[in-house]
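Down below is the structure, laid out as structure tokens.
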Amino acid sequence: MIDMAVLQWNPDSGVYELREATITTLTDVEAMRGEAATPIGNAEIIVDGGRLAHVETEKQFRDAVLEDAGSPVEVQFLEQDGVLYPADFHSLNLATAYYNFEQARLYALARGLAPEKLRGAPFYYFPDVHLQGADPGRQVDNAGWFPLLRSFLLYPFDRLQEVPLAMNQGVVAHEYGHGIFHAEVFDGSWFPAYSVDWCPTGRCAQQAGYRMVGIIEEGFADAWAVGVTGDPRFTHHSLSMLGDSRDPDRFVRKRHCYSQSAYETELARTAPLSEADQDRYWSRRQYEVGTVLAGALYRAARDEGTSYDQVMDTLLRSYRASGSRSLGAVLESDRDGSIFGSFRIVARAVIDAAGDEPTRRALCAAWMDRLALTAAELEGLCDDVAANGECG
Ligand SMILES: [Zn+2]
């Protein structure tokens, strides 16, 4: 147990402030390393086609892209009355990031994450990342989960002038949510089989399933962020230009109501675009459609007899489930993504994992409403429930 000063959002005053926090999982304080995360500094990562041409294994991938594998970080503290105060900006940023990973992990463990999953997961701190096809120069102003390196990336900032992403607990919890999805739904597989089946040669014959994976990844990652922080507006502190576009709470029909037919219309409309333009389109849209899903979960949690934690217990159980209706089983059996590309299938997998009646009913009412699903489409899971009727 270590008492340390970190930056945290104070909902009462509406600002970030230095706060004493107790960190429970650190095993090496100077390197800010422990069960929740392992920071790696000074790494250089280069991802381009030439380097990847002959990569077939995880080890080959690491060897190819890690131009510099980096090294442990060194954090400086001043101690006062038993509390460690980070002594400079990077020390504060790293201490806060670690604390944020710890909070995200504790929340996930309480929901049922298997303790061996993501234990001590690496995060590359301010790495020098170069991606082929992206703007020249290093990648900045972002955070991410990079499944092929089983690592988180906390990029340096350049133009973002608000709260650094590493210090935003919601942003770190969102990325941790991606890690949970990878660890549980894909069982930590380095290269999930579906991506080879659906998109051999890198091109996907059928877009619905492939884009759906992006949508549920982003929507559910936001749901994790809200669970950890209790703050549906967590993006505002660092990414105010997003406005309310990711807010799962305050109901706006345009933001919170969608349907399978709207999705298919959008897929058909974007199909003639070049592959790069489709990627650009969906790289933004997946967050917005994801907000419909995060909004449905948020709404369900407000019903009587259930809670946000019970809804998230259900979501995690749906990640870990293995029956024929589960996310993992459908991903594995679907040959081209045409089955997975259906909100009915995703809703069915989540609702089927509900551990109690009020949560099941609340999820039925919210998902049927927000995604225009009928009870019949949910195959017996929601026959006794009426949709909430907010989307009309
Ligand atoms: Zn994300």
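Annotations
- Sites Q60 and A386, calculated FRET efficiency, Cβ-Cβ separation with R0 45 Å, nearest 0.05: 0.25
- Most positive-pole-ward Cα, A53, A173, T265, against dipole of the chain from beta carbon charges: T265
- Three-way shape label, segment 1-184, alpha-carbon gyration tensor, a/c 1.5: prolate
- For segment 139-236, the Cβ-based charge dipole about the Cα centre amounts to some 200 debye (Lys, Arg positive; Asp, Glu negative; other atoms uncharged).
- Charge dipole (the chain, unit charges on Cβ, about Cα centre) - positive-most of P200, V6, F77: P200
- Three-way shape label, segment 192-392, alpha-carbon gyration tensor, a/c 1.5: oblate
- Net charge of neighbours whose Cβ lies under 12 Å from the Cβ of G14, counting Lys and Arg as +1 and Asp and Glu as -1: -2
- Long-range HN-HN contacts of F146 with modeled amide H, under 5 Å: S151, F152, L153
- Amide H contacts of F77 (H built 1.01 Å from N, under 5 Å, at least 5 apart or other chain): A87
- For the options I40, I180, I23, a Gaussian network treatment of the chain with springs between C-alpha atoms closer than 10 Å singles out I23 as fluctuating the most.
- This model, with +1 at the C-beta of Lys and Arg and -1 at the C-beta of Asp and Glu, gives segment 1-184 a dipole about its Cα centre of some 560 debye.
- Computed over the chain, the percent of Cα pairs more than 41 Å apart is 12.
- Note on the chain: with charges restricted to the Cβ of Lys and Arg (+1) and Asp and Glu (-1), its dipole about the Cα centre is near 1000 debye.
- Residue with peak Gaussian network fluctuation, the chain [Cα springs, cutoff 10 Å], from F152, F191, F343: F191
- Centroid-to-centroid separation of segment 1-67 and segment 104-134 [C-alpha atoms, Å]: 7 Å
Read-outs throughout are calculated quantities, based only on the coordinates presented, and are distinct from any laboratory measurement. All of these numbers come straight from a predicted model, not from anything done at the bench. Because the Cβ atoms are built from the backbone with ideal geometry, glycine has one as well, and the counts that use them run over all protein chains shown.
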